[in-house]
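Taken together, the values in this text are just the output of simple stated rules run on the coordinates, not laboratory data. This structure is a prediction, so every number in the text was calculated from the model and none was measured. Neighbour counts run over all protein chains shown; Cβ positions are idealised from the backbone, glycine included.
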Number of protein chains: 4
Amino acid sequence: MSGRIGVWTIGAFGGVAATVAVGLAAISRGLVESTALVSVLPEFNKVPFVALGDLVLGGHEIRDTTLVDAARRLAIESRAFDPRLVDQVSSELTAWSKNVRPGFLWNSGRAIEGIADQTFVRRLATPREIIDAIKADVNEFARRNNLSHVIVLNLASTEPACDAALERLDWVEFQRRLLNRDFAVPASTLYAIAALEDGHPSVNFTPSVGSNLDAIRELANLKGVCHVGRDGKTGETFLKSVLAPAFAARNLNILSWVGHNIFGNMDGVILDDPTNKATKVKSKDSLLGNILGYAPQTHTSIEYIASLGDWKTAWDHIHFRGFLGTPMIMQFIWQGCDSILAAPLVIDLVRFIEVAAKRGEAGEVAWLASFFKSPQGTTESEFARQYALLENWAQQFESA
Amino acid sequence: MSGRIGVWTIGAFGGVAATVAVGLAAISRGLVESTALVSVLPEFNKVPFVALGDLVLGGHEIRDTTLVDAARRLAIESRAFDPRLVDQVSSELTAWSKNVRPGFLWNSGRAIEGIADQTFVRRLATPREIIDAIKADVNEFARRNNLSHVIVLNLASTEPACDAALERLDWVEFQRRLLNRDFAVPASTLYAIAALEDGHPSVNFTPSVGSNLDAIRELANLKGVCHVGRDGKTGETFLKSVLAPAFAARNLNILSWVGHNIFGNMDGVILDDPTNKATKVKSKDSLLGNILGYAPQTHTSIEYIASLGDWKTAWDHIHFRGFLGTPMIMQFIWQGCDSILAAPLVIDLVRFIEVAAKRGEAGEVAWLASFFKSPQGTTESEFARQYALLENWAQQFESA
Amino acid sequence: MSGRIGVWTIGAFGGVAATVAVGLAAISRGLVESTALVSVLPEFNKVPFVALGDLVLGGHEIRDTTLVDAARRLAIESRAFDPRLVDQVSSELTAWSKNVRPGFLWNSGRAIEGIADQTFVRRLATPREIIDAIKADVNEFARRNNLSHVIVLNLASTEPACDAALERLDWVEFQRRLLNRDFAVPASTLYAIAALEDGHPSVNFTPSVGSNLDAIRELANLKGVCHVGRDGKTGETFLKSVLAPAFAARNLNILSWVGHNIFGNMDGVILDDPTNKATKVKSKDSLLGNILGYAPQTHTSIEYIASLGDWKTAWDHIHFRGFLGTPMIMQFIWQGCDSILAAPLVIDLVRFIEVAAKRGEAGEVAWLASFFKSPQGTTESEFARQYALLENWAQQFESA
Amino acid sequence: MSGRIGVWTIGAFGGVAATVAVGLAAISRGLVESTALVSVLPEFNKVPFVALGDLVLGGHEIRDTTLVDAARRLAIESRAFDPRLVDQVSSELTAWSKNVRPGFLWNSGRAIEGIADQTFVRRLATPREIIDAIKADVNEFARRNNLSHVIVLNLASTEPACDAALERLDWVEFQRRLLNRDFAVPASTLYAIAALEDGHPSVNFTPSVGSNLDAIRELANLKGVCHVGRDGKTGETFLKSVLAPAFAARNLNILSWVGHNIFGNMDGVILDDPTNKATKVKSKDSLLGNILGYAPQTHTSIEYIASLGDWKTAWDHIHFRGFLGTPMIMQFIWQGCDSILAAPLVIDLVRFIEVAAKRGEAGEVAWLASFFKSPQGTTESEFARQYALLENWAQQFESA
């Protein structure tokens, strides 16, 4: 038996984390069904997953609020789910809120600084000091809650792109620089280091760099810990990875693929800053070339439209050439609630990586590629093939 | 070397057949690229396909026109392709038009009777007489054109549904009834019998019954001939078979799937008749349950809108439930030119089945499922898996 | 001073009536703003409207339920509004529910019979007996609630089309037939007669016939009472009456206009019956010819899709020819909540017709045309011109 | 009789001008109907318009090409119209091409400089020299072609925004500065001055400044010449001006209006430059506030997508709040061919302003507002009211 498992989220009072919390509590209480959880599908029913009721939430956050407030705002302002559900699970939300500690800012950029509660957030002099403080918080969480393992999950806002020079540093050099007061390392990487140094699997659900650096891959291998990312594939890009292979299989020539995304949640506030948006657009835009083998003109825009709240609407216009050169068009409109789409994938990732860790897997977990826009550890971009990786991994439990 | 191969189309002056003709001639002359042909994709480059320039067209038709006229109408009225292309390939079109013979009506329903040129079409007293006359036409086509093989292709209008009692008859009984003046067998089945009795592979690109009866399967096995169908998967249903598996893989619960199709070609005229439409809707609608494992409410409508000509527009509204029961929506709009989408698949089917026949394959060709809405010989409905069947079949040529 | 005004609705526990009730109570209590009420716009601020708080609801209904239940179902199942609003106004809803009496079925068709609670609904032997019973109920409502006037409002389900022979009967003959046990008069007309005979203005928000017969027009004139209809213009048809004049003003030639409507409320259940649907489609489809001066191909479909609840989605595809004969396309998708769209128009109609009645207007109120798909008393079909009629009428109060 | 009228276009070989040329010739020859011309509608049949066959084209252009080449490219690359039409009217196109003179660059911005043929375009030392050279070209055109009047039409690419300080200069000061080598006046204004100084009506179909400056208004009044602009209202903004008033009339509260435009013609190349795009977005975005009386969040994006050629596709997402605060959505997709939409309006403007000039109207022609995104001389933004201005003006000819 695996005992209780901790889930330490960076961005612990964000919309996704709040929905994860409401969902875990509501499913455990039998208030809602487990719709949208991949891990409950029949093809995975032999996998020895942790029970949803054995997950305990905690985390870091830079805004001074609570899970109850965050959940209520989603329910009322964004119509994400029935507001009465928040009342029904408020005791769990309140308990988990107490496990949340003030987060750290480091090189986080103007937009993220702008949403932080300045009297709440913590600042230390060097990256190493922050890493150690993070580790102390996580360890205290594990001890107090009597947890057998902790998974560290990045759900925080998208950071500006990091300096490309960091990518090829080795772990020795990287450690050295962590002592410098002016080392421009992304905060997402500090959280990943804190997790991996203490042997906690690290999941990066955001487009931020996190563990996607040579030095951090080296660290993970040294420690024998698994990690995975980047950027949860929830809506428009999910559909791109489903549709583009079908166009390719029919030898239909994509002339241009335009995607226009509008939404009004906190993620949108941050992505309204061009430096942060660039990180996201790159993540959404790159897979088409991989799938098609050529690079059609693409355009991906993301705009903050306050009235939409957490409802992300994407309009995609796909212009393609068919037989005899005739141009034709497919358009789709996706109207999804961002947190509602992301939260089940987050829970799935926790459950899958917890099993992987238990079985001693280390390094980047390529078979989780179907969950990510920019999967680490593989270049496979087609959804059906990514999903086959997941099914193949699960096959090992069938024979048992 | 395989020599010249005949392609005998039922519906020889229809939009699809005319586009096939323009395409074969234009590609062979180097006027257009081979975009939208699956058989030219790199994964099939070891398959010993017949060269496009070695295909010779002929067929049966119930309307007294020509390939040049049919192609010109598509180009000008429907803006399907550049009208100047018709002039450039008119010599091939004219030559092939001479290979077309008046078709037969038998139990074809009011709508098809309505579009037939009554002085052109042929009528005989029994199904057996029609079969024998079809065989004579095909044999003369092969002889005159010095063809090593002929593929028989049904591209004709959708027939009304046939009597379910026919499905389980055996071939002995079926042969007996073919002598009766009042045997309500579909014309599409007579064409399939004519093909199979003489050892020609039979491809049914329409929703009509064709060879999809126990008796005809028995005949094909007796003769050792391959056959395949039904209903080319060109647009909306193609997308259904691509998208539905992705919703299933994410455990998103489809609440309803509405598809509304509008177009204005000859196919639309025929499908405006409720009895013919029922055959088509059934073919478009059934795969969702297969893929999802449950049956959401579906609605598929097909309406004849004259102004659209050959441009088929489909609006699909997919209502689904996600995490915490939250309903969300995906919609797509597909604006495709029907003949332009169908013609390359028809050419691909000819090329693939010609190789299968050469290699001695017999019976229903299940690995061609990706081309059909209601594939014969398999219940596989997911496009990615259907396509994997095709790729796996092609693997045998890699080792060679 | 006008005192309290009664609003007697046919279909008193339907979605529209429940939303009217929630809205009147919630606005009066200051819980929500008066968004979507036309009568509160600045151009009408001199019109001596009844205060919303002075309206008292009652009515007839064929299903045994309550306003609280109907409102709660809309809020929860259809996500029409915040479910907590129902709790906040439950005392008003409960009081008004007590004013509702069992309704009458007469020649109402299979679909409406099917939704009626058979032990609740009332049946009498002749149309005249029903009319007299309706009058008794309305009079008792007025007396008990001390109302100075009553407006009778038809919000009931759409009836099958009525026999065209009724249209030209005169009132003398009509009265005679009302005594017959087998007179196939629509129930909607009986309600209108009951209203008009007692001097109550009659508003028909449905596509049913109601007062749109020569005999009833004669009755209204005899009695000097005003009446108006038919079929509230809430969504797709509203947009048609806005967009079509713009296409006409630009001399763009509409080739075809396809509208596909899906929704899942009680109205949808009834319209799933072909005889009832025909009445509605006719009402939605006829205005284009009026506006354009020619009749493009049109297609309007209405399908019951249960999962959508009260959310009506319309996809309209407008194919038009521009300069040099070039075909172009406009499409729109309308996602509106049916009751939420209808309820404010119903309240507006009550307020406008109450003023008209107070001022002695009699007969069909043509200046209310902007509220209806098939306005009585005018052939004006363009929304902007219909709205100008309303503004012009209001001008009389400016000078005062 | 009015004799032959000259139409001098700035941007004489652009897509709009080429379509105007094809259209004038093709309609005059009876090859196509006059669909999309407003001036041929019945409500204007008493207006003494110049016959289409009496219009003679000429103009300035900065690219060294011809009307035949421009028209052929539109027909073939953009599928704007049947390519065989160009052959049928090539003699008119060739004759008119000979009336085109090399244009002038002045303060035109990087993007426009980038598309100019550098050996073709003319450059002079001061604005005044350019004005005088323009006048000489126009006068020679009138003389050679024996024209009774000339209309000057700006159809050129959108310029960057001009210095706001220019707006309030008076004509005396403006004239003085025209002698300076460094006066940052837009080229569009120089063309307007050239027209007005010589008594030719000036029409600005672009978002560039043109005559929309106090000094130029003063000049027009001094000379007694009429002028009008700005920015032809062809697609998305046309629909905004049609739809927004309807939302306002229903008191539906617009929360946000997002418009995303994609297209791939020369206009798109220029608007891909942020300075030029800013001018256009401002023109498209400002009318909503005027119509609604409040300013919802708006977002208008314009992206150059090469594969679309002249087909401009706009996706608009309108988020609005209805009764009880319920948010609802309307979306539209407009697929129009830019030149095909613009050309008939250009011809109409020539015909209407020619009548106005003949009748002695001077200054800004406010009753032409329905043709423009940012109409000069009026703040009326609602299409129906703008169109009523046009109809009212035409009333004067009815009485005659």
Give the angle, between 0 and 90 degrees and rounded to the nearest 10, that separates the Cα long axis of helix D:187-197 from the longest principal axis of the Cα atoms of chain D.
60 degrees
Sorting D:Cys162, D:Gly58, D:Gly103 by the position of each Cα along the dipole of chain D (Lys, Arg +1; Asp, Glu -1; all at Cβ), the one nearest the positive end of that ordering is D:Gly58
If one takes the longest principal axis of the Cα atoms in chain B, at what angle in degrees, from 0 to 90 and to the nearest 10, does the Cα axis of helix B:236-249 lie?
40 degrees
Taking 0.36 nm per residue of separation and subtracting the Cα-Cα distance, what length does fully extending A:Arg4 through A:Ser399 add?
139.5 nm
Going by Cα centres, the range D:135-179 and the range B:233-257 are how many Å apart?
59 Å
Mind putting together the pair-distance distribution for the range A:32-113? All Cα pairs, 10 Å bins, whole percent per bin, short to long.
14, 32, 33, 19, 2
What are the extents of the Cα atoms of chain B along their three principal axes, in Å, largest first?
68, 51, 50
Take every Cα pair under 8 Å in the range A:186-314 that's 6+ residues apart, average their separations, divide by the length, and report that relative contact order as a whole percent.
25 percent
Test item: Cα-centred dipole of the range D:12-77, Lys/Arg +1 and Asp/Glu -1 on Cβ, debye:
80 debye
Quote the charge dipole size of chain D about the Cα centre in Debye, to the nearest 20; the model charges only the Cβ of Lys and Arg (+1) and of Asp and Glu (-1).
120 debye
Can you give me the angle between helix B:338-358 and the longest principal axis of chain B, using Cα atoms only, in degrees from 0 to 90, rounded to the nearest 10?
60 degrees
Can you say what percent of the DSSP beta bridges in the protein assembly as shown, counting only those with both residues inside, are antiparallel? Round to 5.
45 percent
Please average, across the residues of C:378-388, the number of beta carbons from any other chain that are within 10 Å of each residue's own beta carbon, and give a whole number.
3
Can you compute the FRET efficiency between D:Asp64 and D:Thr379 using 1/(1 + (r/R0)^6), with r the Cβ-Cβ distance and R0 = 56 Å? Round to the nearest 0.05.
0.85
Can you sort A:Thr279, C:Thr94, A:Thr189, D:Thr126 so the residue with the fewest Cβ neighbours within 10 Å comes first?
C:Thr94, D:Thr126, A:Thr279, A:Thr189
Of the convex hull drawn through the C-alpha atoms of the range D:330-376, the volume per residue in Å³ is 85 Å³
Arranged from highest to lowest average of other beta-carbon atoms within 10 Å per residue, in what order do the peptides B:312-325, B:209-222, B:15-28, D:164-177 appear?
B:15-28, B:312-325, B:209-222, D:164-177
If you take each beta carbon of peptide C:251-261 and count the beta carbons of other chains within 10 angstrom, what is the mean?
5
Mean other chain Cβ within 10 Å across D:30-36 is 5
Rounded Å value of the spacing that divides the Cα centres of the range C:357-387 and the range B:339-377
61 Å
Global form of the protein assembly as shown, assessed from the alpha-carbon gyration tensor, a/c cut-off 1.5
rounded
With +1 on each Lys and Arg Cβ and -1 on each Asp and Glu Cβ, how big is the dipole of the protein assembly as shown about its Cα centre, in debye rounded to the nearest 20?
0 debye
At 7 Å out from Cα toward Cβ: B:Gln396 inter-copy label distances (nm, ascending):
3.5, 8.5, 8.8
Within the range B:70-170, report the chymotrypsin sites (Phe, Trp or Tyr not before Pro) that DSSP leaves as loop and that have at most 15 other Cβ atoms within 10 Å.
B:Phe120
Please state, to two decimals, what the Cα-based radius of gyration of the range A:183-325 comes to when divided by 2.2 N^0.38 Å (N = residues).
1.24
In deg cm²/dmol, rounded to 500, what helix-only [θ] at 222 nm does chain C give when every DSSP H run of at least 4 residues adds -39500 (n - 2.57) and the total is split over its residues?
-13000 deg cm²/dmol
Quick one: net charge around A:Leu124, please, counting Lys, Arg +1 and Asp, Glu -1 for every other residue with C-beta under 13 Å from its C-beta.
+2
Local electrostatic count, C:Leu178, Cβ distance below 12 Å [Lys/Arg +1, Asp/Glu -1]:
-1
How high is the relative contact order of chain B? Use alpha-carbon pairs under 8 Å, at least six apart in sequence, and give a whole percent.
20 percent
Step through the table entries A:Lys233/A:Lys358; A:Lys233/A:Lys277; A:Lys312/B:Lys233; A:Lys373/D:Lys280; A:Lys240/A:Lys277, compare each Cα-Cα distance with 28 Å, and write down the pairs that go over it.
A:Lys312/B:Lys233; A:Lys373/D:Lys280
Total charge of the residues flanking D:Ser28 in space, meaning their Cβ is under 14 Å from its Cβ, with Lys and Arg +1 and Asp and Glu -1, is 0
Sort C:343-350, B:37-44, D:65-72 for me by packing, meaning the mean count of neighbouring Cβ atoms within 10 Å per residue, highest on top.
C:343-350, D:65-72, B:37-44
Dimensions of the range B:163-229 along principal axes (Cα, Å, largest first)?
27, 24, 19
Which one of C:Phe205, C:Phe238, C:Asn221 is farthest out on the positive end of the charge dipole of the range C:196-245, using unit charges on Cβ (Lys, Arg +1; Asp, Glu -1) and the Cα centre as origin?
C:Phe238
